[in-house]
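What follows is one structure encoded as structure tokens, with my remarks underneath.
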Amino acid sequence: MAAVGDLQFEEFGNAAATAAENPGATTISIEGPGESPTHQAGLPRGSGREEDDELLGNDDSDKTELLAGQKKSSPFWTFEYYQTFFDVDTYQVFDRIKGSLLPIPGKNFVRLYIRSNPDLYGPFWICATLVFAIAISGNLSNFLIHLGEKTYHYVPEFRKVSIAATIIYAYAWLVPLALWGFLMWRNSKVMNIVSYSFLEIVCVYGYSLFIYIPTAVLWIIPQKAVRWILVMIALGVSGSVLAMTFWPAVREDNRRVALATIVTIVLLHTLLSVGCLAYFFDAPEMDHLPTATAAPNQTVAAAKAS
């Protein structure tokens, strides 16, 4: 057995020459820290990965899939199952709100903000805040319009809270449910590379309603022209988010079906905004009208008859 002092490192020359002399030898190349690894010329470098990243809208598709695979699914009757829908941090919520207020042409809202971690936390509290914003602003608007009239007596209309909650939550849940069912039906007929889950559609609709919260507060201004301008701005921003998000899901379908789907989505969104403005802010109030008083001669005649 050789002594320890006899062991020493030996530098070899060109690896190619060594391989030529000994065809059966195995060579290992150790590169320095500043050297970049070389790739063989005929192998494609992740062309499919680049296409997936382009569709996703960022470069974290592999991380997203890895994290999604690590999530453990729980039975739907357990609290842990619904807890995953609210597992979102403040930064993600603010980022999605910002994305709904500043839609980027050519960027898919679901793939850019939602798909990595769809949540119900943001949509739930956005809808709840919008309900109280519409109800409170509607009461204040009617109060300011009739302020100074002696015949007007302000009575808070608490029923507007329940009406607003029914309208907003029904829209935020039933419309996505119908749209999800329609997309599933069309995807069974037309092969499509873009598909959305029900949770993702609810998330898109919930965040698209955020712009109506400051709009409802500004509806207190007792000027119809200002209110309608605000409606058009909010409708343009939120409607563009919905149109740009769901157009990739139907563009491979029949042209008429695709256009009819997008038009229906925008029309339902328009009906919600215009309906809320007309009912909660422009509804005629009859409480301030003066009551009919009897004429003096009729009063005198009634006194003589008695």
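The values are calculated or read from the model by the stated rules, or taken from the named source; none is laboratory data. Keep in mind it's a predicted model, so treat the numbers as computed, not measured. Don't worry about glycine lacking a Cβ; one is built from the backbone with ideal geometry, like all the others, and counts go over all protein chains shown. Remember, those area values only see protein heavy atoms, side chains included, never the ligands or the DNA or RNA. Shrake-Rupley method; radii C 1.70, N 1.55, O 1.52, S 1.80 Å.
Summary of computed values
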{"item": "Any chance T270 is among the hydroxyl-bearing types (S, T, Y), closer than 30 Å to S188 by Cα and open to solvent by 70 Å² or more (accessible area, probe 1.4 Å)", "result": "no"}
{"item": "Test for P118: is it open to solvent by 10 Å² or more (accessible area, probe 1.4 Å), over 22 Å from V202 (Cβ atoms), touching a residue at least 12 places away in the same chain (Cβ under 8 Å) and not in a helix (DSSP H, G or I)", "result": "no"}
{"item": "Where a residue in region 68-95 is more than 15 Å from I114 (Cβ to Cβ) and among the polar types (S, T, N, Q) and its partner, wherever it lies, is open to solvent by less than 90 Å² (accessible area, probe 1.4 Å) and modelled with pLDDT under 85, with Cβ under 8 Å and at least six apart", "result": "S73/Y81; S74/Y81; S74/T84"}
{"item": "Residue check, I233 open to solvent by 70 Å² or more (accessible area, probe 1.4 Å), free of Cβ contacts under 8 Å to residues at least 60 places away in the same chain and out of contact with any strand residue (DSSP E or B) (no Cβ under 7 Å at 6 or more places or on another chain)", "result": "yes"}
{"item": "Subset of region 121-157 that is within 20 Å of I168 (Cβ to Cβ) and among the aromatic types (F, W, Y) - its residue that is most open to solvent (accessible area, probe 1.4 Å)", "result": "W125"}
{"item": "Which numbered condition A225 fails, given (1) free of Cβ contacts under 8 Å to residues at least 40 places away in the same chain; (2) out of contact with any helix residue (DSSP H, G or I) (no Cβ under 7 Å at 6 or more places or on another chain); (3) open to solvent by less than 60 Å² (accessible area, probe 1.4 Å)", "result": "(3)"}
